[in-house]
Structures are given as C-alpha cells and as structure tokens.
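Worksheet: the structure to be examined is printed underneath.
The values are calculated or read from the model by the stated rules, or taken from the named source; none is laboratory data. Everything numeric here is computed off the predicted structure, so don't read it as measured data. Neighbour counts are summed over all protein chains in view; Cβ atoms, including those assigned to glycine, are modelled from backbone coordinates with ideal geometry.
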Amino acid sequence: MSSVPPSSLLDLAPVLPVVVIDDPADAVPLARALVAGGLPAIEVTLRTPRALDAIRAIADGVPEAVVGAGTVIAPAQVKAAVGAGARFLVSPGWTDVLLNAMWGAGVPFLPGVSTASEVVALLERGVAEMKFFPAQAAGGTAYLRSLSGPLPQARFCPTGGIGPDSAPEYLALPNVGCVGGSWMLPADAVAARDWARVEALARAAAGLSAGGTCR
Ligand SMILES: O=C(O)C(=O)C[C@H](O)[C@H](O)COP(=O)(O)O
C-alpha cells in the first residue's frame with residue numbers, strides 16, 4: 001500500500017483530482033485511470049452516501065494510488081474516512097474541534113481557509129499546509145500572491161473553480177504546491193465510464209506546470 005511521503009501532500013503531483021463518486025463500482029477504474037494518467041493522489045469527497053465505500057475500494061484495489069477523503073467537516077467523518085483507508089484528509093473550512101480530530105488521525109491533512117486570519121490561526125497551531133477554498137471566488141491568484149508577502153511560510157492547494165487554463169497561473173505562485181480540481185472527471189465521461197478520456201485528461205493535468213505544460 002502506498003503511503004503519503006513525509007515531505008508533503010502538496011508535492012505528489014501538480015494537480016489533486018477532486019472526485020465525487022456515486023457508484024462505488026466506478027471507484028477502482030476511475031482511480032486506475034487517474035493513476036495511469038500520472039495523478040496518484042485522489043481526493044474522494046464525502047458528499048455521496050457511498051463515498052466511504054469508494055475510498056475503501058480504492059485503498060484495497062489500487063495500491064499505487066494515494067487516496068484521501070475530502071469535504072471532511074466533522075470529527076466522526078475523520079474517524080470513518082481513516083478507517084476506510086483514507087491516507088489524507090481535506091476540509092473546505094476548519095474549526096478547533098475539526099482540527100483536533102484531524103491532528104489526532106495520524107495522517108496528513110489540509111484544512112480549508114479563505115482569509116488571512118484563518119491562515120494566521122493555522123500557523124499559530126503549527127499547520128503550514130492548507131487548502132485555499134473556494135479559490136476563484138475567494139480572490140484567486142491575486143489573493144494568494146498578496147498572502148505570500150506577509151505569510152510566506154503558508155503553502156496552499158487552491159481548489160474551486162480552477163481549470164486547465166487557470167491552473168498554470170496558480171502553479172507559478174511561490175506559495176502554491178498543487179491545485180485541486182475536478183475538470184479531469186467530466187460528468188458525462190464518468191456517466192459513460194469513459195475511463196480512457198479520464199486518463200487522457202489526467203495526463204494533460206499531470207503535465208501542467210507554472211509555464212503551462214511539462215513540469
Ligand atoms: O467538496 C469539497 O470539499 C470541495 O473541495 C469542493 C471542490 O472545490 C470542488 O469539488 C472542486 O472544485 P471544482 O474544480 O470547481 O469542481
């Protein structure tokens with residue numbers, strides 16, 4: 001089974017796919033397509049009733065993937081996700097209660113922030129890697145660039161409204177490790193189980209860098 005390297009969740013790949021899985025039977029072929037395309041870290045959002053089953057299926061069936069849970073907003077979900085095999089946790093926002101639960105889980109985590117005060121509060125607690133959410137709506141690259149002056153020690157995975165065209169501009173920022181997004185999993189491709197198309201989109205995403213392509 002793969003484990004998240006001690007260095008950083010943000011350095012596994014330039015793009016972290018954010019996945020919504022309705023049918024756990026899709027989990028393994030979907031994860032295989034992403035891994036084959038060069039995106040090993042996969043965030044399965046806890047937004048569907050069978051999300052934990054999807055995480056378990058990927059953890060068991062695709063050992064080369066690094067599967068994590070997204071949309072984690074309650075301590076009970078932390079426990080359930082790690083129990084299902086999640087190797088990292090991502091939240092859209094955070095509270096002290098949630099942060100304590102994620103600290104206690106023993107896996108890397110990215111709490112969500114969208115303001116400077118939230119960043120400072122996380123740094124105060126010893127957390128320097130976070131999700132910037134919702135990235136485009138909360139100020140995009142201009143906002144993150146502004147944060148990098150006073151708060152250079154904070155590193156981000158911006159997520160929300162990012163696509164292949166805007167990703168390179170995020171990746172060019174000194175405080176961005178990777179970007180999150182769902183564009184490599186178009187709803188019609190998933191509905192049609194067109195895993196070859198998902199793999200091709202993942203491959204293009206994996207090749208993104210600050211310059212545009214070929215990291
Ligand atoms: O559920 C969560 O915790 C999220 O992170 C929401 C994400 O922002 C989107 O699912 C991905 O954003 P899009 O690339 O705009 O689709």
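Pairs under 6 Å by beta carbon, first residue over 29 Å from Ala172 (Cα atoms) in the range 186-210, partner outside any loop (DSSP other than H, G, I, E, B), six or more apart or different chains?
Between residues of the range 186-210 that are over 29 Å from Ala172 (Cα atoms) and residues that are outside any loop (DSSP other than H, G, I, E, B), the close pairs are Ala189/Arg197; Ala189/Val198; Trp195/Pro29; Trp195/Ala33.
With respect to Leu173, determine if the residue is closer than 17 Å to Asp11 by Cβ, without any contact (Cβ under 8 Å) to a residue 40 or more places away in the chain and away from the ligand (no atom under 15 Å from the Cβ).
Numbers: closer than 17 Å to Asp11 by Cβ: yes; without any contact (Cβ under 8 Å) to a residue 40 or more places away in the chain: yes; away from the ligand (no atom under 15 Å from the Cβ): yes.
Here the answer is yes, as Leu173 does meet what is asked.
Taking the criterion of being at pLDDT 95 or above, charged (D, E, K, R) and farther than 21 Å from Asp11 by Cα, would at least one residue in the range 81-92 satisfy it? Outline the logic, then answer.
Pass one, the range 81-92, residues at pLDDT 95 or above: 81-92.
Next cut, charged (D, E, K, R) only: 87.
Next cut, farther than 21 Å from Asp11 by Cα only: none.
Among the residues of the range 81-92, not one is at pLDDT 95 or above, charged (D, E, K, R) and farther than 21 Å from Asp11 by Cα, which makes the answer no.
Among the residues of the range 124-161, how many are more than 16 Å from the ligand (Cβ to nearest atom) and among the polar types (S, T, N, Q)? Spell out the reasoning first.
As a first pass, look at the range 124-161 and keep what is more than 16 Å from the ligand (Cβ to nearest atom): 124-128, 142, 145-155.
Narrowing the set further to residues that are among the polar types (S, T, N, Q) leaves 146, 148, 153.
Final tally of qualifying residues: 3.
Give Ala54, Ala81, Ala27 a once-over and let me know the one that is away from the ligand (no atom under 16 Å from the Cβ), in a helix (DSSP H, G or I) and either within 17 Å of Ala187 (Cβ to Cβ) or of a type in the set (Gly, Ala, Ser) (or both). Even if it seems obvious, please write down each step before you answer.
Values: Ala54 fails: away from the ligand (no atom under 16 Å from the Cβ); Ala81 fails: away from the ligand (no atom under 16 Å from the Cβ).
Of the residues listed, the single one that is away from the ligand (no atom under 16 Å from the Cβ), in a helix (DSSP H, G or I) and either within 17 Å of Ala187 (Cβ to Cβ) or of a type in the set (Gly, Ala, Ser) (or both) is Ala27.
Would you check which residues across the range 191-215 are of a type in the set (Val, Ile, Thr) and modelled with pLDDT of 95 or more and list them? Walk me through how you get there before you give the answer.
Narrowing the range 191-215 to residues of a type in the set (Val, Ile, Thr): 198, 213.
Of everything in the range 191-215, just one residue is of a type in the set (Val, Ile, Thr) and modelled with pLDDT of 95 or more, namely Val198.
What pairs come up if the first residue lies in the range 14-33 and is under 15 Å from Pro63 (Cβ atoms), the second is within 16 Å of the ligand (Cβ to nearest atom), and their beta carbons are under 8 Å apart, counting only those six or more places apart or on different chains?
Ala27/Ile21; Ala27/Val44; Ala27/Ala54; Ala27/Ile55; Ala31/Ile42; Ala31/Val67
Would you check which residues across the range 1-24 are modelled with pLDDT under 95, away from the ligand (no atom under 16 Å from the Cβ) and outside any helix (DSSP H, G or I) and list them?
Once the filter is applied, which keeps residues that are modelled with pLDDT under 95, away from the ligand (no atom under 16 Å from the Cβ) and outside any helix (DSSP H, G or I), the range 1-24 yields Met1, Ser2, Ser3, Val4, Pro5, Pro6, Ser7, Ser8, Leu12.
Any idea how many residues of the range 176-194 are surrounded by fewer than 19 Cβ atoms within 10 Å (Cβ to Cβ) and away from the ligand (no atom under 15 Å from the Cβ)?
Counting residues in the range 176-194 that are surrounded by fewer than 19 Cβ atoms within 10 Å (Cβ to Cβ) and away from the ligand (no atom under 15 Å from the Cβ) gives 4.
One line per residue, one yes/no per condition, for (1) surrounded by 21 or more Cβ atoms within 10 Å (Cβ to Cβ); (2) closer than 21 Å to Ser182 by Cα:
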| site | (1), (2) |
| --- | --- |
| Ala27 | yes, yes |
| Leu30 | yes, yes |
| Ala36 | no, yes |
| Ala41 | yes, yes |
| Gly70 | yes, yes |
| Ile73 | no, yes |
| Leu89 | yes, yes |
| Gly93 | no, yes |
| Leu99 | no, no |
